[in-house]
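Contents: one structure, followed by commentary.
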Amino acid sequence: MKNYYQPEIETMPLGQLQALQSERLVKQVKFVYDNVKFYHDKMDAAGVTPEDITGIDDLHKLPFIDKDDLRDQYPYGLLAVPLEDCVRIQSTSGTTGRRVVAFYTQEDIDLWDECCARAIVAAGGTKEDVCHVCYGYGLFTGGSGLNGGSHKVGCLTLPMSSGNTERQLQFMTDLGSTILCCTPSYAANLGEAVNEKGLKDKIKLKAGIFGAEPWTEEMRRDIENSLGIKAYDIYGLTEISGPGVSFECEEQAGMHIQEDHFIAEIIDPKTGEVLPKGEIGELVFTCITKKAFPLLRYRTRDLCRLTRKPCSCGRTHVRMLKPKGRSDDMMIVKGVNVWPSQIETVLFNQGYQANYQIIVDRIGNNDTIEVQVELTPEMAAEASLNVAAKEKKIVSALKSMLGITVNVKVVEPKSIVRSEGKAVRVIDKRHLYQ
Ligand code: ADP
Ligand code: ZN
C-alpha cells in the first residue's frame, strides 16, 4: 500500500517546492487560458497573456475570480475539460447564498482523496484504524472526501454520514472506531451524548479530524476532554476540491496547505493588494494540478494568516492559522465588528459549552444582539444556581471583549437545537427589513 506521508513532497526544501509550483503554474495558466473562455476573456481584459506568467512571482498579474463569477458561470462556464471526462460533481453547502457546483475528473478525485489521506496520516491514522466518517455524504464534500482519504490509507471506513446520534454511538462502540471525522459542532454534540450515556470507557477513539466550519481553541479543548482524543483541524472548500486543502499535524498549530497542489496568497480584501508575510487578510487559492475545475486566484472570503515558521513535524508547507471565519460571518452590530468566535471564547471561558445561538435584530434604528446559551447539566444541578448572576457575568465579559452591550439569556439544558453538520450560530433578522 502506498504511504500517504510523502516526505519527498511534504518536507521538500522551500526553493525546490517553489520551483515545482512555478513549473506547474505556468502549465496550468496556459491550459486554463486555452480551455476556459471565461478565463481567456478575463485575462485578455486584464491585458495578461499566458507568456507573462513565467513562475510564481508573476502570479499577482492574474485577475482574481470570486464566488459571484462562479454563480454567473453556473453550471458549465468554468469547465476546463469536456463534460464526458468528468466523473463527479459536488456542491457547496450554500451557507452564503446560491450553491456553486464543482466538477471532477477521476484524476481530480484521486488528488483530493490523496489530500485527505495525508490529513488522516498526519492525525496518526494507519491501516489499523477504524475511521468513522460522519460528515454528510452527498453533494457536500465532507463525507466523500474523508471517505476517499480513509480508503487510500487503508483504514476500515465507516461511511456513517451525519445525524442519528444513537446509531453513531452504537457503531462507534461495537466496531471500535478510532478516528472520528465530522464538523466540530457535531463532535461536541457526540461528546455530550457519549458522556450522558456513560460510554466514555467503551469508546476507542484516539483522534478526530474536524473542519468545515470555524471553531475556537476553547472548543477544541472541550471536545478533546469530552471524547478523550486529540482533535485536529482540517480545512477546505468545494471550489478548490473539498476538505484536505490544508490540515493539522501533531503540532496542532496551524494547518499545512498542500502547496504541491494549491498556491496560497493573502490579500487585502478591500484593495486586492498581496499582503506582506504574516499579515491577516483574505485567503486566495490557485489550483496548479486540478483539471476539470481549476480555479486561478480564487478569493475564498476566509480571513486568516499564513506562517512559514519551521514546524516540528518537519513539513515545509506553509501553515494557515485558524481562519477567523468568513468575511461574511462578521456581523456589524451597533457599528462594531463582531465575530461569532469572540462570543464562543467568552462562553467557553465561563464554563459553558458549544450550545449557544446569537440573534441579531433591529428595533427602530437600533441593532440588538442577544446571546442565548445553555446551562451545562452540572450548572443546572447546582443548589446555589443564580441565573441572573450568570447572565450578568457573561454580559460584562462580552462588553470588555466587544465594547458593546449584549443581551444574554441563560437557558435550560437541551433547549438549543443541536447541530449535525455545519452549525448555524447566528440568526440575523435584520435583512428581513431591507
Ligand atoms: P459553503 O461555502 O457553502 O459553506 P463549503 O461546504 O465548500 O461551502 O464550505 C467551505 C467553507 O467552510 C470555507 O470557505 C470556510 O469558510 C469554511 N471552513 C472549512 N473548513 C474550515 C475550518 N477548518 N475552519 C474554519 N472554517 C472552515
Ligand atoms: Zn507540522
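The values are calculated or read from the model by the stated rules, or taken from the named source; none is laboratory data. Keep in mind the model is a prediction, meaning the values are calculated, not measured. Cβ sites come from the backbone with ideal geometry, for glycine too, and all protein chains shown count toward neighbours. For the accessible areas, the whole protein counts, side chains as well, though only heavy atoms, and no ligand, DNA or RNA atoms are used. Shrake-Rupley method; radii C 1.70, N 1.55, O 1.52, S 1.80 Å.
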> Roughly what angle does helix 184-196 make with the longest principal axis of the chain, taking Cα atoms, 0 to 90 degrees, to the nearest 10?
Replying inline: 40 degrees
> Could you give the accessible area per residue of the stretch 200-289, probe 1.4 Å, as a whole number in Å²?
Replying inline: 34 Å²
> Which Cys residues of the chain have no other Cys Cβ less than 4.7 Å away and so no disulfide-compatible partner by this rule?
Replying inline: Cys86, Cys115, Cys116, Cys181, Cys287, Cys304, Cys311
> Say R0 is 60 Å: what FRET efficiency, to the nearest 0.05, do Phe31 and Met401 get from their beta-carbon distance?
Replying inline: 0.80
> When the dipole is taken about the Cα centre of the chain, and only Lys, Arg (+1) and Asp, Glu (-1) are charged at their Cβ, what size is it in debye, to the nearest 20?
Replying inline: 760 debye
> Using a 1.4 Å probe on the protein chains only, how many percent of the accessible area of the chain belongs to carbon and sulfur?
Replying inline: 51 percent
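Taking 0.36 nm per residue of separation and subtracting the Cα-Cα distance, what length does fully extending Asp44 through Ile280 add?
Length gained between Asp44 and Ile280: 81.9 nm.
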> For Ile416 and Asp268 in one chain, what is 0.36 nm times their gap in residues minus the Cα-Cα distance, to one decimal in nm?
Replying inline: 49.6 nm
> For the stretch 148-195, what is the accessible area per residue in Å², given a 1.4 Å probe and the full set of protein chains?
Replying inline: 31 Å²
>> Mean-square fluctuation check for the chain, GNM, Cα pairs under 10 Å: which of Lys309, Lys206, Lys27 is largest?
In response: Lys309
> Cα axis of helix 165-174 to longest principal axis of the chain: angle in degrees, 0 to 90, nearest 10?
Replying inline: 80 degrees
>> Just to check I understand the Karplus step: with θ = phi - 60° and J = 6.51 cos²θ - 1.76 cosθ + 1.60, what whole-Hz values come out for the stretch 293-310, glycine and proline as x?
In response: 9, x, 7, 10, 6, 8, 7, 7, 6, 7, 9, 6, 10, 10, 9, 10, 4, x
>> With θ taken as phi - 60° and the coefficients 6.51, -1.76 and 1.60, list the Karplus ³J(HN,Hα) couplings across the stretch 156-163 in order, rounded to whole Hz; mark glycine and proline as x.
In response: 6, 9, 9, x, 6, 6, 8, x
>> I'd like the trypsin sites (Lys or Arg not before Pro) in the stretch 276-323 restricted to DSSP loop residues with at most 16 other Cβ atoms within 10 Å, sorted by number.
In response: Lys277, Arg308
> Which value at 222 nm does the chain reach when only helices count, each DSSP H run of 4 or more adding -39,500 (n - 2.57), with the total divided by all residues and rounded to the nearest 500 deg cm²/dmol?
Replying inline: -9500 deg cm²/dmol
> What is the distance, in nm, between label points placed 7 Å from the Cα along the Cα-to-Cβ direction at Thr307 and at Glu107?
Replying inline: 3.6 nm
> Relative to the longest principal axis of the chain, what angle (0 to 90°, nearest 10) does the C-alpha long axis of helix 106-122 take?
Replying inline: 50 degrees
> Extension gain Glu217-Met379, at 0.36 nm per residue separation less the Cα-Cα distance, in nm?
Replying inline: 56.1 nm
>> I need the calculated FRET efficiency for the pair Arg167 and Glu23, taking r as the beta carbon distance and R₀ as 35 Å, to the nearest 0.05.
In response: 0.15
